[in-house]
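In what follows, a single structure is set out as structure tokens and then discussed.
The values are calculated or read from the model by the stated rules, or taken from the named source; none is laboratory data. All values derive from a computational prediction rather than experimental measurement. Glycine gets a Cβ as well: all are built from the backbone with ideal geometry, and neighbour counts include every protein chain shown.
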Amino acid sequence: MDVRLWTFVLVGLSFALYIGIAVRSRAGSTKDFYVAGTGVSPLANGMATAADWMSAASFISMAGLISFMGYDGSVYLMGWTGGYVLLAMLLAPYLRKFGAYTVPEFVGQRYYSQMARVVAVACAVFVSFTYVSGQMRGVGIVFSRFLEVDVTVGVVIGMGIVFFYAVLGGMKGITYTQVAQYCVLIFAYMVPAIFLAVMLSGTAVPQLGFGGADPESGVFLLDKLDGLHRELGFAAYTGGTKSTIDVFFITAALMAGTAGLPHVIIRFYTVPRVRDARVSVGWALLFIAILYTTAPAVAVFARTNLLDTVAGQPYDAMPEWFGKWEDTGLITFEDRDGDGKIRYSGDASANELAIDRDIMVLANPEISRLPNWVAGLVAAGGLAAALSTAAGLLLVISSAISHDLLKRAVRPNISEKGELLAARISAAFAVAVAGLLGINPPGFVAQVVAFAFGLAASSFFPAIILGTFTRTVNREGAIAGMLSGITFTAAYIIHFRFVNPAADSPENWWFGISPEGIGTVGMALNFAVALVVSKFTPAPPAGVSELVDRIRTPGGAA
Amino acid sequence: MPHPNPYWARNLRYLAILLSIWFLVSFGCGILFADALNAIRIPGTGFKLGFWFAQQGSIYVFVVLIFVYARLMNRLDREYGVAEERGGGRRPRVR
């Protein structure tokens, strides 16, 4: 069977599975819809969180990103996993004890303020829409490359599937499909990685393999890669080019952002008890770590393979996949010196080859000549990653609208049935908007990802921590903190990414901190402003201290 | 002066210790001291130590830290009698 047929079969089977699960787990109440009736086991929630978290970007782009960035790619590896330590210790158990349905709910109650709630709703909706449009785009790319259907058709099919289980099943449907999606995506990621590890290093464990040696020459892969990089004029693979301060700040912003992302936080509302929330974060990170420790290995294998196959070789001798990806415009070759050979170089003026980093994982099976079914599997995995994340984000948007705005602000005495209907309608609406964004992506999707993390780090993260770990921070402090954190972070990113992109270089950044890393400064600012303003404004009312005590002690988490 | 809430004080102490380790393996070994550690290699492999911490080691430690914290807190909950009874908040199984 060829790649296309395999892809049809594997993607079709996985979709049938998701729909089957959705039909079995319909939501009967708002509690089912928002938090899956808080009856999810910690292990299942860990898997669902892993699928929720690992998006099209983690599955498709990350290994490619690392393979082009080398050591600098560590910011993603540490940033997107280290945040779970913060989540397990500083946020998840307390939020579970609080027992809300959404993140703005906590902010609104702890800071006894409708305004704080609305600020939080705005952040949650913005962050989630930013993210979800990227997922829908990922769905479109996989469909168009592997099934050779139009991107629009691909997005519509993806929307249909998500619509079915998110609107029908809410959090309950999403949770159990995410468990299935985790299994699909991790299997699809590991199979080619293990193939590559065996081929390039003679070990079946990718995590060990990329520290191993080439079975023929006995040279360590990482040394070989550093050597190739030097020859071609790139920075050493294990050295990187970013400054230490920038790596530090980006990593911190991604960690705090991860811990503050609403779609991740709400997953921990779905387990029965506080102790389940703690251990569930551990399971989640374990399942995530399987992929995240494999990605840098895949990056090294892919980079080595690519340089061996392509660099300095005659264009006419390129294998079939090269031409296929050239057709999609994701690989471009321009024979500037007319010698018919591909010159790949770190020196931009001599370089003749441009490779989109997104194709590394998708093209890997073909570059390495793996069996056809592996390529089909990778397509199904990429779709699982994109759909599971999209569904989690859509739920955040729908609950922000139906619960935080409609129920808490506009019509407090809406009936249970009415709210459930409103939740379904807003989920449907969110799916439609996300699909439109996926079909016509705003040109700046890539740039706004920095936004999502920076905003989460500089808004929710400090507000939730201060709300749990202090009694004295009050409404005025929290609102001033969130607003100053967001405004500062947004202004810095907008300045360098949209207003004056020409100045977006290390010489112009404050203290050498890039827009990706500025969320860390915004977060520090939020903490500082909240504490100072709280000192000079009236203390919180008496009930707050009791609320804080209640959050801090697990007993009676029902 | 004894802390008014010894349960919370112990929790804060656990947090201080575990988060110091969290900081040390990632921001310390993986970033600030990465260049210095890169002079050392893990014997028998091609891994330079700083690079390994940044792309592998820190992640393994993160996973362990969370499970250790969950265990410590379960013990602490029992010690102070604030543990949730079995099946604490679980929904009664009514069909």
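What to note about this one:
Okay, residues lined up against (1) within 9 Å of chain B (Cβ to nearest Cβ); (2) at pLDDT below 95; (3) more than 30 Å from B:G81 (Cα to Cα); (4) in a helix (DSSP H, G or I):
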site: A:I265; (1), (2), (3), (4): no, yes, no, yes
site: A:F268; (1), (2), (3), (4): no, yes, no, yes
site: A:P272; (1), (2), (3), (4): yes, yes, no, no
site: A:R275; (1), (2), (3), (4): yes, yes, no, yes
site: A:V281; (1), (2), (3), (4): yes, yes, no, yes
site: A:L286; (1), (2), (3), (4): yes, no, no, yes
site: A:V300; (1), (2), (3), (4): no, yes, yes, yes
site: A:T304; (1), (2), (3), (4): no, yes, yes, yes
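- Some residue of region A:221-242 being part of a helix (DSSP H, G or I) and farther than 18 Å from B:K48 by Cα: yes
- Among the residues making up region B:50-75, those that are in contact with a Lys or Arg (Cβ under 7 Å, 6 or more places away or on another chain) and buried (at least 17 other Cβ atoms within 10 Å of the Cβ) are B:Y69, B:A70, B:M73.
- Contact annotation: no residue pair with Cβ atoms under 6 Å, 6 or more positions apart or on different chains, pairs a residue in region A:12-37 that is free of Cβ contacts under 8 Å to residues at least 40 places away in the same chain and within 30 Å of A:L147 (Cα to Cα) with a partner that is of a type in the set (G, A, S) and not in a helix (DSSP H, G or I).
- Taken over region A:295-326, the criterion of being of a type in the set (V, I, T), surrounded by fewer than 23 Cβ atoms within 10 Å (Cβ to Cβ) and in contact (Cβ under 8 Å) with a residue 60 or more places away in the chain is satisfied by A:T304 alone.
- Checking each residue in region A:8-44 for being assigned to a helix (DSSP H, G or I), of a type in the set (S, T, N, Q) and more than 15 Å from A:G158 (Cα to Cα) picks out A:T30, A:T38.
- The combined condition, being touching a helix residue (DSSP H, G or I) at 6+ places or on another chain (Cβ under 6 Å), touching a residue at least 24 places away in the same chain (Cβ under 8 Å) and within 14 Å of chain B (Cβ to nearest Cβ), is not fulfilled by A:G481.
- Some residue of region A:496-516 being part of a helix (DSSP H, G or I), modelled with pLDDT of 90 or more, surrounded by fewer than 16 Cβ atoms within 10 Å (Cβ to Cβ) and not aliphatic (A, V, I, L, M): no
- Entry remark, region A:355-402: residues being hydrophobic (A, V, I, L, M, F, W, C), over 21 Å from A:A100 (Cα atoms), within 23 Å of the chain's Cα centre (by Cα) and part of a helix (DSSP H, G or I) number 16 in total.
- Flag if B:P43 is more than 10 Å from every other protein chain (Cβ to nearest Cβ), in contact (Cβ under 8 Å) with a residue 60 or more places away in the chain and either within 24 Å of A:P296 (Cβ to Cβ) or not small (G, A, S) (or both): no
- Residue satisfying all of: in region B:26-40; surrounded by 16 or more Cβ atoms within 10 Å (Cβ to Cβ) and within 9 Å of chain A (Cβ to nearest Cβ); farthest from A:W80 (Cα to Cα) among these: B:N38
- One residue alone among A:G240, A:G257 is of a type outside the set (S, T, Y), under 19 Å from the mean Cα position of the chain (by Cα) and more than 7 Å from chain B (Cβ to nearest Cβ), and that residue is A:G257.
- Qualifying positions in region A:102-129 - surrounded by fewer than 24 Cβ atoms within 10 Å (Cβ to Cβ) and closer than 24 Å to A:N45 by Cα: A:V125, A:F129
- B:A16 vs. criteria under 30 Å from A:T270 (Cβ atoms), among the small types (G, A, S) and within 7 Å of chain A (Cβ to nearest Cβ): no
- Count of residues meeting criterion [of a type in the set (G, A, S) and modelled with pLDDT under 85] in region A:240-263: 1
- Within region A:48-81, the set of residues being over 13 Å from the mean Cα position of the chain (by Cα), more than 10 Å from chain B (Cβ to nearest Cβ), aliphatic (A, V, I, L, M) and crowded, with 24+ Cβ neighbours inside 10 Å comprises A:A48, A:A63.
- Filtering region A:194-230 to residues that are more than 14 Å from every other protein chain (Cβ to nearest Cβ) and surrounded by fewer than 24 Cβ atoms within 10 Å (Cβ to Cβ) leaves A:I194, A:F195, A:V198, A:M199, A:A204, A:E216, A:R230.
- Residue within region A:508-520 that is on the phi < 0 side of the Ramachandran plot, within 14 Å of chain B (Cβ to nearest Cβ) and hydroxyl-bearing (S, T, Y) present: yes
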